[in-house]
1. Just to confirm the number: angle between the C-alpha axis of helix 29-40 and the first principal axis of the chain, 0 to 90 degrees, nearest 10?
2. Please name which of 41, 18, 55 has its Cα lying farthest along the dipole of the chain towards the positive end, using unit charges on Cβ (Lys, Arg +1; Asp, Glu -1) and the Cα centre as origin.
3. Please check which bits of the stretch 30-62 a label hung off residue 8 would reach, taking the label as a point 7 Å along Cα-to-C-beta and the cut-off as backbone N under 13 Å.
4. What per residue convex hull volume, in Å³, do the alpha-carbon atoms of the chain yield?
5. Please list, in chain and number order, the residues 5+ apart from residue 73 or on another chain whose amide H is under 5 Å from its amide H, with Hs placed from the backbone.
6. Give me the 1.4 Å probe accessible area per residue for the chain, excluding ligands and nucleic acids, in Å².
7. Whole-Hz ³J(HN,Hα) for each residue in the stretch 7-12, computed from phi via Karplus 6.51 cos²θ - 1.76 cosθ + 1.60 with θ = phi - 60°, x for glycine and proline: what do you get?
8. Let's see if you can work this out: charge +1 on each Lys and Arg Cβ, -1 on each Asp and Glu Cβ, no other charges. What is the dipole magnitude of the chain about its Cα centre, in debye to the nearest 20?
Amino acid sequence: MKPTVTVLPDYDGLRVVQCSGEFDADTEGALDAACDEAIAAAGVERLALDVRGVTFADSSFLNLLLRVHGVCDLLLLGPLPPQLARLLEMTGATLLFAIDDGPPERATG
């Protein structure tokens, strides 16, 4: 499935980026750009990635998450899809990320 990336309007210092589809080194360009833009944006204090629709993620997606986590306050909105949850679990990265399994409105409201 072709990946899609949607940037929602900022709310009180939070930017939510919704991503869905399959992400690998060849397809994550739009997500990478959206994250870089959020990190550089004035007034954005926290970035939330809505990953509920991610159907595939490889090590390059994990690398992107780790890079973003290293430079900003990152929240993953779930529940995490099984394949992504397994990737984070197998690599021990689950403990690094704040994960909110509630409705996306809760993150912005």
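The values are calculated or read from the model by the stated rules, or taken from the named source; none is laboratory data. Computed from a predicted structure; not experimentally measured. So basically every Cβ, Gly included, is an ideal-geometry build from the backbone, and we count neighbours across all protein chains shown. Surface accessibility is based on the protein's heavy atoms, side chains included, excluding ligands, DNA and RNA. Shrake-Rupley method; radii C 1.70, N 1.55, O 1.52, S 1.80 Å.
1. 40
2. 55
3. 47-53
4. Values: hull volume 9.3 nm³, N = 109.
Roughly 85 Å³ of hull volume per residue.
5. 47
6. Details: 5720 Å² over 109 residues.
Accessible surface, normalised per residue, equals 52 Å².
7. Taking θ as phi minus 60°, the curve returns 9, 8, x, 5, 9, 6 Hz for the stretch 7-12.
8. On the way: 7 positive and 17 negative charges, 33 e Å.
Magnitude of the dipole: close to 160 debye.
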